[in-house]
Structure formats: C-alpha cells, structure tokens
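Notes to accompany the following structure.
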Amino acid sequence: MENGEIRELHAARTSEGSRSAVAALKDACHRYRLLAVVEHGTTGALPEAWQSYPNVEEARIGAQEMLHKHRVLRVAIVEDHIPLQFVEWVVR
C-alpha cells in the first residue's frame, strides 16, 4: 500500500465515524425526560425519572406509570437537552 492509499482509507473511515457521531447527536437531541412534582421527598427513587425516552408517546406511558405512585402529583415531559425545553404536563 502506498501512502496515498493509506490516507484515502483513513479519510473514508474518519468520515464514516463522524457521520455516525452526527447521527447520534441528532438522536440525543430528540429524547425526552420526566420531571415529577411530589408531595414529600425527592424523585431519586423513581426509576422513570432516571430514564430517557426516545419519543413523546413513550414518555407519556412512563409518566402514567409514575402517576400510579401516591406521592407523585404531576409530571412534566421535557426535551433532554440543555436548556430543558418544556413539552407538556401529565396529570391524573
């Protein structure tokens, strides 16, 4: 292999890697999280609060599961990027 072939091969691999990194970044920008308002204590013990959801429908399902716990008053769905973007409230 000559130096030119090695550079072309490296450039092809680098561009494939950067494309997958861009795709991962785009996917990460469209994920959702749940923020719960509770009566007493914190939401750290709620597994749904730690998860990231790929779409709003799955976030709504997670919010409904969270609302089955008696301490949870309501749940906000937010986009998972900084700054957080409010999407909607889910209430009982």
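Side notes on the structure shown:
- Put simply, the amide H of R74, placed in the peptide plane, has neighbours under 5 Å in V37, leaving out anything fewer than 5 places away on its chain.
- Neighbourhood charge, 13 Å Cβ-Cβ cut-off, centred on A59 and excluding it, Lys, Arg +1 and Asp, Glu -1: -4
Every read-out reported here was derived from the displayed coordinates using simple, explicitly stated rules and does not represent laboratory data. Here the structure is a predicted model, which is why all the values come from computation and not from measurement. Counting neighbours? That spans all protein chains shown, and the Cβs are built from the backbone with ideal geometry, glycine included.
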